[in-house]
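This report concerns only the one structure given below.
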Amino acid sequence: MDLSLGFPEFSQELSVSSNPSLEAVVSRFRSLHQQADSPVRAIHHQAATEGSFAEMPAGVDARLRKALETRGITRLYTHQADAFEQIAAGNNVTIVTPTASGKTWCYNLPVLNLLLNDAGARAMYLFPTKALAEDQLHEFNAAVEEMGSDIRAFTYDGDTPQDARKAIRQRANVVLTNPDMLHSGILPHHTKWARYFENLRYVVIDELHYYRGVYGSHLANLLRRLARICEFYGSRPQFICCSATIANPRELGETLTGKSSELVERNGAPRGEKYFIFYNPPVVNRQLGIRRSYINETLRVALEFIERNLQTLVFANNRLATEVLVTYLKDACDRKPIPSETVRGYRGGYLPRERREIERRLRDGQIRAVVATNALELGIDIGSLDAVVMAGYPGTIASTWQRAGRAGRRKGTSATVLVASSAPLDQYIIEHPGYFFDRSPEHAYINPDNLEILLAHLKCAAFELPLREGEKFGAHDLAEICHFLEETGFLHHSGGAWHWTSDTYPADATSLRSVTSDNFVVIDITGEANVIADVSFPTALTTLHEKAIYLHEARQYHVERFDYDQRKAYVKSVDCDYYTDAIDYTQVQVLQEAEGDAVAGARRAHGDVRVNRQIVGFKKIKFYTMENVGAGKLNMPGQEMHTTSFWLHFPAQFLAGLGDYTPTERQSGISGLGNALRTVASLLLMCDPRDLGVALSEDVEGVQVFEPNLYLYDAYPGGVGLSAPLFRLSPRLLKHTAELLRACACDAGCPSCVGPVGEVGERGKEVALRILLALAA
């Protein structure tokens, strides 16, 4: 374990001496970069920087100061000192510094300092994953042992043995847990935690940027419930939030916690020398925009490092790609003088003992390469690696920098290679390196007052404590919602409060990762009936319809029967060379415009909308070639959803000014534009493209001429806070979308920009670009 734990003296002497093996790989990329049509799109060099230090604050306990001095630690990084002073002053703080900058000690230092002087005090650490909580527990306990203190810290999650839970509740000074356990295993049983909540002084939320969209909206309500419990027991804990670099960290922290917060962003940590290389697989079919397999190119790049005995971490974006790359790398090592057992996989499905062993062997240098999902993206201690190779863009700039930060870790020279897939988001980033390397433009947005989410957590809150008349819980009128819950049999009004009367356990019915808990069960009937998956309602309609090919753990299943009423889908295992893609018909109607204005002869707006969606058919798409090899018709129940949307309105005069295009070409161009806008919007909003729906409405308020609205709507009931920011960011949205289309190597459209020519027509890309140029005029 790295006992420096992010402190300066252990990394003050920056190892900037050259690494000949690493320099050889970088030189190969430099040579390739100078060639015409090079797949190397950029080589970004970050020079090593010295650290910026501050004296140890006077308020640090002498015992803690002495323990640190025995390691030669007499100073802090400036951001660590700033955080300590703000927390000591009683402020909530949001700390934003890069990966490997010692953020952990921004909260460990004040927590340990408090506990040394108040043995009865308590703290709660919230981490997004159990693995990260375990890793941080080891770091915390190492510091406690250095001091010879009896401070007690424990993880409390789904893996905690039942016989240990009572002792943890009674004895723990610090509990390290995750939002799911807080939601279903702690708050509903708060009476067992009475002493803990009475003395709760600090709540630490690590990896703040992780909580956005639906998950973040749930966490905000979960923290509202935590605040109610703390108030009941007479405590008012301070919140300490830590985040990777995003555009609005303070806003996100304050929205999540409901408290004002001081921002600490003056990074004082040193940085090792780093090379960041953007690699775009060569085009093999320009007309269709098809490139070499990014998986195979990732293999080739990773072997460049592994063959030179450079410790390498390969990131893949899903479990299937992880296992494929592990197989490919082991096979390649068998053909070379490299022991294949030095290549390992790492993902969430592995047993905790197996993951700990891989982490230990990585730190000890016994493993040469690990292929991992995002399970290793967060701050788990795996030592200092030489190189990181990413198979595909992780989805956000913040996540990409976090993965890149796993190499080097404040010491020595390191390299990171991003290998782009053909996905539009990957292609935009890889062809616009300046956008990536400038200050992060990403905003993380949540909507805690989404009515569906709020209602679910109000049920949980009422189960935990009666809801008092006049009590505040978000921006909604609590009395009106409580009356509704009373009418539906969940609450009873008595003695100036609403009491929970249902015999259900509401936390079990609420998933923190979806808006609705109305899920479908997938039953494999190949042999003996066996439940293999639980699928959310919206996803089920597009992936579990009859005749669909359902993909699960890299296996294919044919959907035999779709029982809509019972929320069940019956599937059989098959072996086929295609998958299915649902075709939907969507109509959007504006209910209320919140804000709007003219833009170059068109109009932009956002507000509340009603979305009517029906699955009308499906396409059969062949693996690898992505050919459309068949289709089928469906008659599924229609779905209605009230949500929020951003939209563009194109008057007939605006469309006429585009040039000599047929109505079909204009419609196809606008549809292709919608595909590209969704890609760039997901980049700006730090969300998954699937969080946004796209629809083209041809009939606006009874107008007979073709004057369509192009909608980008929140794909969740009630919305999760994406539409209003899209309206504000629309100039950048249109600008970056035009850059995406211009940079794409295809002639007339491909999956990397507006969509395949077969879907958007021969002139779809041309029309979409003309619209964007007209809007920018």
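The values are calculated or read from the model by the stated rules, or taken from the named source; none is laboratory data. Keep in mind the model is a prediction, meaning the values are calculated, not measured. So basically every Cβ, Gly included, is an ideal-geometry build from the backbone, and we count neighbours across all protein chains shown. Note: accessible area is taken over every heavy atom of the protein model, side chains too, but ligands, DNA and RNA are not part of it. Shrake-Rupley method; radii C 1.70, N 1.55, O 1.52, S 1.80 Å.
Has the range 210-227 got at least one residue that is touching a helix residue (DSSP H, G or I) at 6+ places or on another chain (Cβ under 7 Å), part of a loop (DSSP other than H, G, I, E, B) and open to solvent by less than 10 Å² (accessible area, probe 1.4 Å)? Checked the range 210-227: at least one residue is touching a helix residue (DSSP H, G or I) at 6+ places or on another chain (Cβ under 7 Å), part of a loop (DSSP other than H, G, I, E, B) and open to solvent by less than 10 Å² (accessible area, probe 1.4 Å).
Under the condition of being closer than 22 Å to CYS242 by Cα and either assigned to a loop (DSSP other than H, G, I, E, B) or in contact with a Ser or Thr (Cβ under 7 Å, 6 or more places away or on another chain) (or both), the residues counted in the range 131-151 number 5.
Would you tally the residues in the range 170-184 being open to solvent by 40 Å² or more (accessible area, probe 1.4 Å) and free of Cβ contacts under 8 Å to residues at least 60 places away in the same chain? Here the count works out to 2. Per the listing LEU425, LEU451, LEU455, LEU478, the residue uniquely within 17 Å of the chain's Cα centre (by Cα) and either buried (at least 19 other Cβ atoms within 10 Å of the Cβ) or modelled with pLDDT of 85 or more (or both) is LEU425. Number of residues in the range 256-306 that are among the β-branched types (Val, Ile, Thr), part of a helix (DSSP H, G or I) and surrounded by 20 or more Cβ atoms within 10 Å (Cβ to Cβ) equals 4.
When the range 656-694 is filtered for residues that are surrounded by fewer than 17 Cβ atoms within 10 Å (Cβ to Cβ) and within 19 Å of GLY764 (Cβ to Cβ), the ones remaining, listed by number, are ALA656, GLY657, GLY659, ASP660, THR662, PRO663, THR664. The selection criterion, being in contact with a Gly (Cβ under 6 Å, 6 or more places away or on another chain), open to solvent by less than 10 Å² (accessible area, probe 1.4 Å) and farther than 30 Å from SER536 by Cα, does not hold for VAL754. List, please: which pairs have Cβ atoms under 7 Å, are six or more places apart or on different chains, and start with a residue in the range 747-767 that is farther than 21 Å from LEU734 by Cα and at pLDDT 85 or above and end with one that is buried (at least 23 other Cβ atoms within 10 Å of the Cβ) and not acidic (Asp, Glu)? Between residues of the range 747-767 that are farther than 21 Å from LEU734 by Cα and at pLDDT 85 or above and residues that are buried (at least 23 other Cβ atoms within 10 Å of the Cβ) and not acidic (Asp, Glu), the close pairs are GLY761/SER668. Inside the range 109-130, residues that are within 25 Å of the chain's Cα centre (by Cα) and more than 19 Å from ILE186 (Cα to Cα) make up a count of 0.
In the set ARG742, ARG666, ARG690, ARG732, only one residue is basic (Lys, Arg), closer than 30 Å to SER511 by Cβ and in contact with a helix residue (DSSP H, G or I) (Cβ under 9 Å, 6 or more places away or on another chain); that residue is ARG690.
The residue of the range 88-102 that is surrounded by the fewest Cβ atoms within 10 Å (Cβ to Cβ), among those that are of a type in the set (A, V, I, L, M) and either touching a residue at least 40 places away in the same chain (Cβ under 8 Å) or closer than 12 Å to GLY253 by Cβ (or both), is ALA100.
If you go through the range 496-521 and keep only what is at pLDDT below 90, over 18 Å from SER217 (Cα atoms) and open to solvent by less than 20 Å² (accessible area, probe 1.4 Å), you end up with just PHE520. Every listed requirement among (1) open to solvent by 10 Å² or more (accessible area, probe 1.4 Å); (2) more than 30 Å from GLU762 (Cβ to Cβ) is met by VAL314 save one, (1).
Matching residues to (1) touching a Gly at 6+ places or on another chain (Cβ under 7 Å); (2) assigned to a loop (DSSP other than H, G, I, E, B); (3) not basic (Lys, Arg):
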{"residue": "ALA415", "(1), (2), (3)": "no, no, yes"}
{"residue": "HIS443", "(1), (2), (3)": "no, yes, yes"}
{"residue": "ASP449", "(1), (2), (3)": "yes, yes, yes"}
{"residue": "HIS457", "(1), (2), (3)": "no, no, yes"}
{"residue": "PHE473", "(1), (2), (3)": "no, yes, yes"}
{"residue": "PHE484", "(1), (2), (3)": "no, no, yes"}
{"residue": "HIS499", "(1), (2), (3)": "no, no, yes"}
{"residue": "SER502", "(1), (2), (3)": "yes, yes, yes"}
{"residue": "ASP508", "(1), (2), (3)": "no, no, yes"}
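When the test is whether a residue is open to solvent by less than 60 Å² (accessible area, probe 1.4 Å) and more than 21 Å from GLY721 (Cβ to Cβ), GLY607 does not pass it. Inside the range 387-401, residues that are of a type in the set (A, V, I, L, M) and in a helix (DSSP H, G or I) make up a count of 2. Picking from residues in the range 564-578 that are crowded, with 17+ Cβ neighbours inside 10 Å and touching a Lys or Arg at 6+ places or on another chain (Cβ under 8 Å), the one that is nearest to VAL535 (Cα to Cα) is ALA569.
Scanning the range 228-243 for residues that are open to solvent by 40 Å² or more (accessible area, probe 1.4 Å) and either touching a Cys at 6+ places or on another chain (Cβ under 6 Å) or not in a loop (DSSP other than H, G, I, E, B) (or both) gives GLU231, PHE232. Figure legend. Inter-residue proximity from the range 532-543: first residues more than 10 Å from LYS568 (Cα to Cα) and in a loop (DSSP other than H, G, I, E, B), second residues open to solvent by less than 30 Å² (accessible area, probe 1.4 Å) and of a type in the set (Val, Ile, Thr), beta-carbon distance below 9 Å, spacing 6+ or different chains. Indicated pairs: SER536/VAL515.
Evaluation of VAL40 against the conditions (1) closer than 30 Å to ILE430 by Cβ; (2) open to solvent by 60 Å² or more (accessible area, probe 1.4 Å); (3) at pLDDT 95 or above shows that the sole unmet condition is (2).
Put simply, of GLN639, GLN653 the only residue that is loosely packed, with under 14 Cβ neighbours inside 10 Å and touching a residue at least 24 places away in the same chain (Cβ under 8 Å) is GLN653. Checked against (1) part of a loop (DSSP other than H, G, I, E, B); (2) at pLDDT below 85, ILE367 meets all criteria but (2). Does any residue of the range 392-400 turn out to be buried (at least 21 other Cβ atoms within 10 Å of the Cβ) and over 24 Å from SER243 (Cα atoms)? So far as the range 392-400 goes, no, none of its residues is buried (at least 21 other Cβ atoms within 10 Å of the Cβ) and over 24 Å from SER243 (Cα atoms).
Taking the stated definitions as given, is HIS493 out of contact with any strand residue (DSSP E or B) (no Cβ under 6 Å at 6 or more places or on another chain), open to solvent by 30 Å² or more (accessible area, probe 1.4 Å), over 30 Å from SER573 (Cβ atoms) and assigned to a strand (DSSP E or B)? In short, yes.
Number of residues in the range 649-669 that are among the aliphatic types (A, V, I, L, M) and in contact with a Gly (Cβ under 9 Å, 6 or more places away or on another chain) equals 1.
Scanning the range 705-746 for residues that are of a type in the set (D, E, K, R) and either outside any helix (DSSP H, G or I) or touching a residue at least 40 places away in the same chain (Cβ under 8 Å) (or both) yields GLU707, ASP714, ARG732, LYS735, GLU739.
Checking GLU595, GLU627 one by one, the residue that is touching a helix residue (DSSP H, G or I) at 6+ places or on another chain (Cβ under 8 Å), charged (D, E, K, R), surrounded by fewer than 16 Cβ atoms within 10 Å (Cβ to Cβ) and more than 30 Å from GLU528 (Cα to Cα) is GLU595 and no other.
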